[in-house]
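Remarks on the structure that follows.
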There are 2 protein chains.
Amino acid sequence: MESKKIRIGNAVTEYHFNASLSKLQLVADRKYSVIITDENLYDSYKKKLKGWNTIVVKPGEEFKVQQTADTIVDTLAEMEADRKTTLIGFGGGVITDLTGYVGATYMRGIRTGFIPTSLLAMVDASIGGKNGIDVGLYKNLVGTIRQPAFLFFDVSLLQSLPESEWQNGFAEIIKHSCIKDAPMFRELAEHDLAYYRGRKNAIAALVRRNALLKTKVVQRDETEQGERKLLNFGHTLGHALENQFELSHGQAVSIGMTYAAHLSSSLLGFRQTEKVVSLISSYGLPTYASFDRTKVFDVLKHDKKRERDTIHYILLDRIGKGVVHTLPLDQVKTIIEQL
Amino acid sequence: MESKKIRIGNAVTEYHFNASLSKLQLVADRKYSVIITDENLYDSYKKKLKGWNTIVVKPGEEFKVQQTADTIVDTLAEMEADRKTTLIGFGGGVITDLTGYVGATYMRGIRTGFIPTSLLAMVDASIGGKNGIDVGLYKNLVGTIRQPAFLFFDVSLLQSLPESEWQNGFAEIIKHSCIKDAPMFRELAEHDLAYYRGRKNAIAALVRRNALLKTKVVQRDETEQGERKLLNFGHTLGHALENQFELSHGQAVSIGMTYAAHLSSSLLGFRQTEKVVSLISSYGLPTYASFDRTKVFDVLKHDKKRERDTIHYILLDRIGKGVVHTLPLDQVKTIIEQL
């Protein structure tokens, strides 16, 4: 286990790379911790979670809502959890978002750490302190930004994940490479999903690289005034699509990145659209989709990235260099109609 | 209007003393603001709130719950409130707590200011960034600490308050004098409620003095690691009593302060218990009460001030000097049984 402390704003997060679930008691006291997880994970890891206090919720994004948070709070109160309790989110992005939200608000904030179990959560969702719940159609409409006390990376948890979950994670890894890391883009282009799935060291290194890449961006701009917005590459349209179709987050973001690359070429003269589209494709992710433009625009209008009559759209200057572009809502509407 | 900016942690709060509701547009843009208030206040100030976007909730502590927060969030989404929206809590502590909570979590935090309308809210509840909702019997079990963007003090709003509301505020003013300000304790002892009710300048000065006193404590210890705990003087037992009886917050705190003064004399040799009790009484507040000790202890066990098997109890060294005392839960139980 490689442990390092990283300061973000006023908080310090302990990163534990190459960790193993069986060593969890090194970072959290069993007696004073409560693990939040979902039914599927609980069934799979029952043995390893033995002896830990657990709150088990239903799996899936449709339960990332206030009502689930309410139930967790009620259970914590029953358990007599107090300000010295550590809350541990054991799961994918839904669980880390929910746990982070409850941990930030229960007794006005208790110690909260994450054990991401999906590739997406390891390289993205568990990092940076954003947490929250969905309200109706609006993803993460309610939440806070609060850094976790620790992150515990055990890549052996990825072994049992289905192909689609690996693809989901790679969508965010490709995103990172597009906006910030051209050498990683080239590395990704040289390999494929099967390569990483079969090599524990390779995936551990890739997880570490992406976790630290995102961390650096968040360190420089925790509250998303500038640079952090880059992480929304592919997410503006992506979120709107995800709401409307039965798309996974990674699939929706992949389509979002494809359109953002095209937009980059028409607005900024970006010339590597084909390379981006082909990398996305080579990891089994979708690139184009037909959708109801009016509906998508309606959801976009409610995007948190909107500010009055403009929206921040993330474009690419070149591979490895994302830029924040401010577009009037009207223009976004026209663009969407022409897509 | 006297305006001053005060930094607390990373945030800056604008304090507007001697303000007037009719000048609200000087601190918030009518078009991009939403005022949260309750039915009673809305009825009383309909005219003055004309032209402002408002969300009106039911009055009373029983509505300071997640469900009300959910309704406010839904309404904000319908109104297309975004990250540039200013949320304004216009009301007593229930409204400022609720508004602060929604403002801290809607879109992960939007600009939020308060116009306290009760004396209690002016000298205490609106200051220091604590917000939250009640969960079952537990007051403020869920919430955050986040400083408001502005505080707008218009003491003319106090004119229509009933006597009991004035008493409520004076309980916290007396608390401040006990833990931090002996000269104010003497000033309070020289006057009475009628004196302050009849003199706008005197109450404006008292509000200012108390708002700044509390602010100073919070500045030095925003997250309640030490000094801020002093503000809980009278509140540990107070909160437990408030839950169990039909007591106002001020009444419950007054009884709490009386018992804490007695505890101070038996544990620390504090000799001014009678002075404290007599000041509380002279402002029409209760001092002694009979209550179900087992029930009260049960609620105390869930107090946020509890840490594992100890509880922080605030005692007085002398008038003007509160101290934090750590007591084992067992001892608290014995003390309560002997009260």
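A few points about this structure:
- Flag if A:GLN67 is farther than 19 Å from A:ARG30 by Cβ, surrounded by fewer than 20 Cβ atoms within 10 Å (Cβ to Cβ) and out of contact with any Phe, Trp or Tyr (no Cβ under 9 Å at 6 or more places or on another chain): yes
- Residue check: B:THR287 meets all listed conditions (1) in contact with a Phe, Trp or Tyr (Cβ under 7 Å, 6 or more places away or on another chain); (2) modelled with pLDDT of 85 or more but one, namely (1).
- Sole exception among (1) surrounded by 24 or more Cβ atoms within 10 Å (Cβ to Cβ); (2) within 11 Å of chain B (Cβ to nearest Cβ) for A:LEU137, by number: (1)
- Residue pairs whose Cβ atoms lie under 6 Å apart, sitting 6 or more positions apart in sequence or on different chains, and linking a residue in region B:232-245 that is of a type in the set (A, V, I, L, M) to a partner that is assigned to a helix (DSSP H, G or I) and modelled with pLDDT under 85, are B:ALA240/B:VAL296; B:ALA240/B:VAL299; B:ALA240/B:LEU300.
- Complete set of residues in region A:233-252 that are within 22 Å of A:THR310 (Cβ to Cβ) and at pLDDT 95 or above: A:PHE233, A:GLY234
- Residues (among the charged types (D, E, K, R) and farther than 30 Å from B:THR75 by Cα) located in region A:133-150: none
- Residues that are basic (Lys, Arg) and under 21 Å from A:THR86 (Cα atoms), drawn from region B:275-312: B:LYS301, B:LYS304, B:LYS305, B:ARG306, B:ARG308
- Qualifying positions in region B:272-312 - in contact (Cβ under 8 Å) with a residue 60 or more places away in the chain and among the hydrophobic types (A, V, I, L, M, F, W, C): B:VAL276, B:LEU279, B:ILE280, B:LEU285, B:VAL299, B:LEU300, B:ILE311
- Among all positions in region A:96-109, there is at least one residue which is of a type in the set (Lys, Arg) and open to solvent by 20 Å² or more (accessible area, probe 1.4 Å).
- B:THR85 being at pLDDT 95 or above and facing chain A (nearest Cβ under 10 Å): yes
- Residue tally, condition in contact with an Asp or Glu (Cβ under 7 Å, 6 or more places away or on another chain) and either of a type outside the set (A, V, I, L, M, F, W, C) or at positive phi (or both), over region A:144-185: 1
- Conditions (1) in contact (Cβ under 8 Å) with a residue 24 or more places away in the chain; (2) within 13 Å of chain A (Cβ to nearest Cβ); (3) not β-branched (Val, Ile, Thr); number of the one not met by B:GLU80: (1)
- Restricting attention to region A:94-132, the residues that are in contact with a Phe, Trp or Tyr (Cβ under 6 Å, 6 or more places away or on another chain) and facing another protein chain (nearest Cβ under 9 Å) total 2.
- Residue match in region B:295-303 (condition: over 22 Å from the mean Cα position of the chain (by Cα), closer than 18 Å to B:LEU188 by Cβ and among the basic types (Lys, Arg)): no
- All conditions but one from (1) within 10 Å of chain A (Cβ to nearest Cβ); (2) surrounded by 22 or more Cβ atoms within 10 Å (Cβ to Cβ) apply to B:PHE152; the one that does not is (1).
- Residues (facing another protein chain (nearest Cβ under 7 Å) and closer than 21 Å to A:GLY93 by Cβ) located in region A:62-77: A:GLN66, A:ASP70, A:VAL73
- Residue in region A:120-132 that is open to solvent by 10 Å² or more (accessible area, probe 1.4 Å) and either more than 30 Å from A:ALA77 (Cβ to Cβ) or not assigned by TED's automatic domain parsing to the domain that holds A:ASN10 (or both) present: yes
- Residue match in region A:163-181 (condition: surrounded by fewer than 18 Cβ atoms within 10 Å (Cβ to Cβ) and hydrophobic (A, V, I, L, M, F, W, C)): no
- Residue satisfying all of: in region B:307-332; within 14 Å of chain A (Cβ to nearest Cβ) and either part of a strand (DSSP E or B) or crowded, with 17+ Cβ neighbours inside 10 Å (or both); modelled with the highest pLDDT among these: B:THR326
- Scan of region B:22-35 for residues that are out of contact with any Phe, Trp or Tyr (no Cβ under 7 Å at 6 or more places or on another chain), in contact (Cβ under 8 Å) with a residue 24 or more places away in the chain and within 19 Å of B:TYR106 (Cβ to Cβ), ordered by number: B:ALA28, B:ASP29, B:TYR32, B:VAL34
- Scanning region B:1-58 for residues that are among the basic types (Lys, Arg) and open to solvent by 90 Å² or more (accessible area, probe 1.4 Å) returns B:LYS5, B:ARG7, B:LYS23, B:ARG30, B:LYS31, B:LYS46, B:LYS47, B:LYS48, B:LYS50, B:LYS58.
The values are calculated or read from the model by the stated rules, or taken from the named source; none is laboratory data. Treat the numbers as computed from the prediction; the structure is a model and nothing was measured. Heads up, the Cβs are rebuilt from the backbone with ideal geometry, glycines too, and the neighbour counts pull from every protein chain shown. SASA here: full protein model, heavy atoms, side chains in, ligands and nucleic acids out. Shrake-Rupley method; radii C 1.70, N 1.55, O 1.52, S 1.80 Å.
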